[in-house]
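Encoded as structure tokens, the structure appears first; notes follow it.
The values are calculated or read from the model by the stated rules, or taken from the named source; none is laboratory data. Quantities reported herein were computed from a predicted structural model and do not represent experimental measurements. Heads up, the Cβs are rebuilt from the backbone with ideal geometry, glycines too, and the neighbour counts pull from every protein chain shown. For the accessible areas, the whole protein counts, side chains as well, though only heavy atoms, and no ligand, DNA or RNA atoms are used. Shrake-Rupley method; radii C 1.70, N 1.55, O 1.52, S 1.80 Å.
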Amino acid sequence: MMSSEFFTTWFLPGIWVTIQVTVYAAALGAAIAFGIGLARTSQLWIVRFLAGVYFEIFRGMSALVLMFWMFFALPFFGWQLVPMWAGVSALGLTYGAYGSEIVRGSLAAVAPAQKEAGIALNFTRWQRLRLIELPQAWPEMVPPFNNLLIELLKGTALVSVITVADMTFAGNLLRLGTNETTPVFTLLLVLYFVLAFLITRGMRLVERRAKAGVGQRPQKTGGITSRLSSRGESLQAGSQSAGGM
Amino acid sequence: MSADTPLQNDHDGNENPPVDGSELIRFDKVTKRFGSNVVLDELDFSVASGKHVTLIGPSGSGKTTILRLLMTLLKADEGTIKVNGDYLTHEEKNGKLVPAGEKHVREVRKNIGMVFQQFNLFPNMKVLRNITEAPVTVLGLSKDEADQRARELLDMVGLGDKADAYPTQLSGGQQQRVAIARALAMRPQVLLLDEVTSALDPELVAGVLDVLRDIAHTTDITMLCVTHEMNFARDISDQVLMFDSGRVLESGTPEKIFGDPEHDRTREFLSAVL
């Protein structure tokens, strides 16, 4: 089985690298999601068009191949990226494209009457977006962003193939060294699940705060923890959490 | 009957003298179509400043469309609208009328406020900020000034204790009174009221109408009002316009329209709603 020395020299740093790649790619992806998502609601057709082109191209691209391209092909154009940044860029660019659809859709779902009230108070378009539309769209964005963030977390395993020492990389090393295939990959599955679960709990908090910010009552989430504490309403809560997770 | 109805000439009494009687709003041959449906048909009409004008008529006769055109929520297909003598959505360039830019539209639009059927308060802001946000952001008032003014307005509509509530915590009638305060905080010259009690439970209607009566009788704000509350219309109006098929069928004082209308169509409509 795994030696504790191997765990501390490879696995722990690997977990930390996975978290770093997730956070950086999420930050890049969020910036792109909002930038492209807002651009796709622009009044100028050329802005909408270019943002749409970005969305279609990066949505249709394999993150893994893009990562290879950035790692192996970009140096030919005189641009050598550190492996981790090649991975972060590839993930951020593709997941940002998915995220832009969430931003665009949530903005489109804000009641048109809210926009009209903003016009009646003579706000500019940008003021309406900043003060009315984005704050109201935000609570609707959080659950799909949660899904996307978990997809991103699991997608970070791809960086192991371009020599970034994340936890999948560490797992592979360990397997090669020990031949303990089953325990190693079982451990990896559990680790990804635990990280994903932590993200979900965190995003629940964000969602509750976001909903409180638009005057909605925080919803009973019906997650496992609340089901343990109140078994009575488990039936209804269970079906809600199945939809939410 | 001509659709051209200069309201200021029809008003004979002086029980509610206009601010200065000048023309505040003018529609000139305004046509609005939705697909093949002509909602407004070369409509001409004007409103003098300080007047309270009520638009009545069967649904689909274009009353709400007039308010939405004035608020620039809709675009006219043909014709022009002037507010204070300025084109609302057009600019004169080299002697030609061209669609106006955002800056021009906002400059003219700042004179107009609107209260909606569904209140349309901002759910992401507490009551006080619903009222202060536009005065601070759009008019550049200081926060203290805007707060003070908002609290005065909340007192006026009887909701002085609700400043820190979210809109969803209020009843429909309370929300609508906040919406009235929010519109007034921008100090518009003209207030557009679009069926403001239609979405309310019957027992909440009176409170909203009382607030509006109060405003009508104590301020010199111009009101353009679409309503099915005929008693309210009779109370506050200087002028009632009967619409049918996108045109003004007849207009006159409330006494005349409700008491002795010229047209059978008006008589039919009134007997159906009164």
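Sort out which residues of the range A:51-104 are touching a Pro at 6+ places or on another chain (Cβ under 8 Å) and under 21 Å from A:Ala39 (Cβ atoms), and write them in order of number. Correct list: A:Ile102 only.
Residues that are crowded, with 18+ Cβ neighbours inside 10 Å, without any contact (Cβ under 8 Å) to a residue 60 or more places away in the chain and within 14 Å of another protein chain (Cβ to nearest Cβ) number at least 3 in the following helices (runs of 4 or more DSSP H) confined to the range A:112-168: A:112-120, A:134-155. When the residues of the range B:176-196 are filtered to those that are part of a helix (DSSP H, G or I) and of a type in the set (Lys, Arg), the one that is nearest to B:Ile236 (Cα to Cα) is B:Arg177.
Conditions (1) more than 28 Å from B:Asn84 (Cβ to Cβ); (2) open to solvent by 10 Å² or more (accessible area, probe 1.4 Å), marked per residue:
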| residue | (1), (2) |
| --- | --- |
| B:Gln189 | no, yes |
| B:Leu192 | no, no |
| B:Glu195 | no, yes |
| B:Leu200 | yes, yes |
| B:Glu203 | yes, yes |
| B:Val208 | yes, no |
| B:Leu212 | no, no |
| B:Ile215 | no, no |
| B:Thr222 | no, no |
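Of the helices (runs of 4 or more DSSP H) that lie entirely inside the range A:1-87, those containing 3 or more residues that are open to solvent by 60 Å² or more (accessible area, probe 1.4 Å) span A:12-39, A:45-59.
Across the range B:53-72, the qualifying residues are those that are among the polar types (S, T, N, Q) and part of a loop (DSSP other than H, G, I, E, B), and the one among them that is nearest to the chain's Cα centre (by Cα) is B:Thr72.
Candidates are the residues of the range B:214-250 that are among the polar types (S, T, N, Q) and in contact with a strand residue (DSSP E or B) (Cβ under 8 Å, 6 or more places away or on another chain); the one that is farthest from B:Thr197 (Cα to Cα) is B:Ser245. The residue pairs whose first member lies in the range B:93-109 and is over 29 Å from B:Leu191 (Cβ atoms) and away from chain A (no Cβ under 13 Å), whose second member is open to solvent by 100 Å² or more (accessible area, probe 1.4 Å) and not in a helix (DSSP H, G or I), and whose beta carbons are closer than 9 Å, counting only pairs six or more residues apart or on different chains, are B:Val98/B:Glu92.
This table checks each residue for (1) more than 21 Å from A:Asp166 (Cα to Cα); (2) modelled with pLDDT under 60.
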position: A:Leu195; (1), (2): no, no
position: A:Val206; (1), (2): yes, no
position: A:Ala210; (1), (2): yes, no
position: A:Gln216; (1), (2): yes, no
position: A:Ser239; (1), (2): yes, yes
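For B:Ser171, the criteria (1) surrounded by fewer than 19 Cβ atoms within 10 Å (Cβ to Cβ); (2) more than 12 Å from B:Ile112 (Cα to Cα); (3) within 13 Å of chain A (Cβ to nearest Cβ) hold in every case but one, which is (3).
Tallying residues that are in contact with a Ser or Thr (Cβ under 9 Å, 6 or more places away or on another chain) and within 30 Å of A:Leu174 (Cα to Cα) within the range A:25-45 yields 1. Have a look at B:Arg247, B:Arg182, B:Arg234 and point out the one that is modelled with pLDDT of 90 or more and open to solvent by 20 Å² or more (accessible area, probe 1.4 Å). None of the other options fit; the residue is B:Arg234. For the range B:113-134, filtered to residues that are of a type outside the set (Val, Ile, Thr) and under 18 Å from the mean Cα position of the chain (by Cα), the residue that is nearest to B:Thr197 (Cα to Cα) is B:Gln117.
When the range B:121-138 is filtered for residues that are more than 10 Å from every other protein chain (Cβ to nearest Cβ) and either open to solvent by 30 Å² or more (accessible area, probe 1.4 Å) or without any contact (Cβ under 8 Å) to a residue 12 or more places away in the chain (or both), only B:Val136 remains.
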